[in-house]
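A.B. asks: I'd like to ask you about the structure that follows.
The values are calculated or read from the model by the stated rules, or taken from the named source; none is laboratory data. Remember, it's a predicted structure, so these values are computed and weren't measured experimentally. FYI the Cβ positions are ideal-geometry reconstructions off the backbone, even for glycines, and counts take in every protein chain you see.
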Amino acid sequence: MPVPSPVFVLPGNALGRHRVLLVALVPAVALRLLAMAGYRPALWFWADSFSYLEAAADPVPGAFRPLGYSLFLAALGPGKSLALVAAVQHASGLALAVAVYALLRRRGLPGWGATAAVAPLLYDEFLILLEHMIMADALFTVLVTAGILALSGRLTPVTAAAGGVLLGLAAVTRTIGVAVLVVAAACLLLRRPGPRALLCLVLAGAAPLLGYASWMWATSGTFGLTRADGLFLWARTMTFADCSVIRPEPELAPLCPRTPVAGRPSPAHWMWGPTLAAVTGDRNAPAGRFAREAVLAQPGDYLAAVGRDLRWLLRWERTTARKASDRKTNPYWFPYEERPLRASVRRIAGAYEGGPADTRIVEPYAGWLRAYQRFGYLPYPVLMALLGGALAVAAVRRRPDALLPGVAAAVLVVAPSFLSGYDVRYVVPALPLACLAAGLAPGRPPEVGRRSPAGPSVRA
């Protein structure tokens, strides 16, 4: 995955300077090898994984998600390659940890301190789980963190352009990346980089977005990254919307929920359930209009619904699948039992794999990994404390370079609950950024006044 080389080169040539990291990498690699050996060829996430594979075979911009990850799958090529996808994602996760470590060392952190900062990236079982899944989350995490890494070092037009391209590619992998790109541009202004660097960031970040939106326009007549932003926001409002208060237009009345507020399920149920079948034609536009009317008519209820979602961040355990029956269906646990693929998706998966694609569980490797997943993660309350502390230190020390990854992490944590609804995996991409912010905040700022190998001297 292309990243700015000054960020990814470890400081110094002596391996002895990095012996703490090298020792820490051994169990991190072992955990990923357990995943590769215990769950072959990869893990599946409901219908989403197969939608990505289907789009990889016939890449045309779809309604619900951009094609970035499907293009990544297509680039790796079909034919006995699902294990290759998982292996590349695992390797990218390890490389990301090394990249964060390298930047922190360049900022003066000792080897043990920089290694401690990236320990969650090495050992968090949820990151390992997502790396082993045919899902966009691992790729998005690498792209968005690499983009922020490029912008957290010495700023030049080259590093600004590299950061912009990576964040633009992240946005066409998951649309929440657009918000991170906007935050990056805003935080960059605090560092007063000069017009050239800022222009390079904006143009390079906009290029993937404009290119993809133009492709969408050519194939569907819609200029955007998806045709479902209104649907997702509508599903968000279904947890509180009261049509006696909203008084929607007659053509929007079929979108009113019939279930009493107290008994309504999560936004995901509304997004993928039967309610939208009552609306014919273009459903995104009317759903978006209804959602906006609901938010304007019930702003307090909207914020309360978001707050209820964010309370999940206070749970020490990531998921509630304690019973064996829950673990069979919960996709956020390494599974205990094999589940044959349904006939409706077996063809799609088999076509990419070049043969049977059902996940095979191989003991004892899978069992060792299942035992580890009970405790091998950074609890979200600890993550929130880490992020809050990093933002506070960065603000007090006036360190915009450390503020950037912290604010980007906060956006990734909070924004989904406003736009679509909380999901435990939506928080995971914030983990590397929170660790980066925590490591940068107490370190020294970027060097000022020296000529960069990648470009002329700039202000930090």
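A.B. asks: Among the residues of the range 166-184, which ones are in contact (Cβ under 8 Å) with a residue 60 or more places away in the chain and not small (Gly, Ala, Ser)?
C.D. replies: Passing the criteria: LEU166, LEU169, VAL172, THR173, ARG174, THR175, ILE176, VAL180, VAL183.
A.B. asks: Return the pairs, sorted by first residue and then second, in which the second residue is polar (S, T, N, Q) and part of a helix (DSSP H, G or I), the first residue lies in the range 22-48 and is at pLDDT 95 or above, the beta carbons are less than 7 Å apart, and the residues are 6+ apart or on different chains.
C.D. replies: From the range 22-48, the pairs are ALA24/THR115.
A.B. asks: Given the conditions (1) at pLDDT below 95; (2) in contact with a Ser or Thr (Cβ under 9 Å, 6 or more places away or on another chain), which single one is not true for VAL306?
C.D. replies: (1)
A.B. asks: For the range 341-359, how many residues meet the condition of being within 21 Å of GLY38 (Cβ to Cβ), β-branched (Val, Ile, Thr) and in contact with an Asp or Glu (Cβ under 6 Å, 6 or more places away or on another chain)?
C.D. replies: 0
A.B. asks: Test PRO379 against the stated conditions and say whether it is touching a residue at least 24 places away in the same chain (Cβ under 8 Å), under 23 Å from ALA171 (Cβ atoms) and not basic (Lys, Arg).
C.D. replies: Criteria not met by PRO379.
A.B. asks: Please verify whether ARG399 is in contact with a Leu (Cβ under 8 Å, 6 or more places away or on another chain), over 27 Å from PRO193 (Cβ atoms), modelled with pLDDT under 95 and basic (Lys, Arg), treating the condition exactly as stated.
C.D. replies: Considered against the rule, which asks whether it is in contact with a Leu (Cβ under 8 Å, 6 or more places away or on another chain), over 27 Å from PRO193 (Cβ atoms), modelled with pLDDT under 95 and basic (Lys, Arg), ARG399 comes out as no.
A.B. asks: Hey, among TRP316, TRP368, TRP333, which residue is closer than 29 Å to ILE128 by Cβ, surrounded by fewer than 18 Cβ atoms within 10 Å (Cβ to Cβ), at pLDDT below 95 and of a type in the set (Phe, Trp, Tyr)?
C.D. replies: Every option except TRP316 fails the conditions.
A.B. asks: Would you call ALA83 surrounded by fewer than 20 Cβ atoms within 10 Å (Cβ to Cβ), farther than 25 Å from ARG374 by Cβ, among the aliphatic types (A, V, I, L, M) and in contact (Cβ under 8 Å) with a residue 60 or more places away in the chain?
C.D. replies: Considered against the rule, which asks whether it is surrounded by fewer than 20 Cβ atoms within 10 Å (Cβ to Cβ), farther than 25 Å from ARG374 by Cβ, among the aliphatic types (A, V, I, L, M) and in contact (Cβ under 8 Å) with a residue 60 or more places away in the chain, ALA83 comes out as no.
A.B. asks: Also, I was wondering about something else. Being under 25 Å from the mean Cα position of the chain (by Cα), farther than 30 Å from LEU103 by Cα and not in a helix (DSSP H, G or I): is that true of PRO331 here?
C.D. replies: yes
A.B. asks: Take ALA56 and tell me if it is over 28 Å from THR159 (Cα atoms), out of contact with any Asp or Glu (no Cβ under 9 Å at 6 or more places or on another chain) and at pLDDT below 90.
C.D. replies: Taking the combined requirement at face value, the residue does not satisfy it.
A.B. asks: Taking the criterion of being in contact (Cβ under 8 Å) with a residue 60 or more places away in the chain, of a type in the set (Val, Ile, Thr), at negative phi and in contact with a strand residue (DSSP E or B) (Cβ under 6 Å, 6 or more places away or on another chain), would at least one residue in the range 406-417 satisfy it?
C.D. replies: no
A.B. asks: May I pose another question? Take the residues of the range 47-64 that are within 16 Å of the chain's Cα centre (by Cα) and surrounded by 21 or more Cβ atoms within 10 Å (Cβ to Cβ): which is farthest from ARG342 (Cα to Cα)?
C.D. replies: Across the range 47-64, the extreme among qualifying residues is TYR52.
A.B. asks: If you don't mind, there's one more thing I want to ask. Condition first: free of Cβ contacts under 8 Å to residues at least 60 places away in the same chain and surrounded by 21 or more Cβ atoms within 10 Å (Cβ to Cβ). Now tell me which residues in the range 384-401 satisfy that.
C.D. replies: Across the range 384-401, the qualifying residues are LEU387, ALA390, LEU391, ALA394, ARG399.
A.B. asks: Filter the range 1-21 for residues that are over 27 Å from LEU169 (Cα atoms) and surrounded by 21 or more Cβ atoms within 10 Å (Cβ to Cβ); which is modelled with the lowest pLDDT?
C.D. replies: Looking at the filtered set, the residue picked out is HIS18.
A.B. asks: TRP270 is checked against (1) in contact with a Phe, Trp or Tyr (Cβ under 8 Å, 6 or more places away or on another chain); (2) aromatic (Phe, Trp, Tyr); (3) modelled with pLDDT of 90 or more and fails just one. What number does that condition carry?
C.D. replies: Failed condition: (3).
A.B. asks: Going through the range 360-380 one residue at a time, which ones are in contact with a Leu (Cβ under 6 Å, 6 or more places away or on another chain), more than 21 Å from ARG32 (Cβ to Cβ) and of a type outside the set (Phe, Trp, Tyr)?
C.D. replies: none
A.B. asks: Ok, one more. For the range 148-228, please list each of the helices (runs of 4 or more DSSP H) lying entirely inside it that holds at least 3 residues being in contact with a strand residue (DSSP E or B) (Cβ under 9 Å, 6 or more places away or on another chain) and surrounded by fewer than 17 Cβ atoms within 10 Å (Cβ to Cβ).
C.D. replies: Passing ranges: none, list empty.
A.B. asks: Does ASP229 count as modelled with pLDDT of 90 or more and over 27 Å from LEU169 (Cα atoms)?
C.D. replies: no
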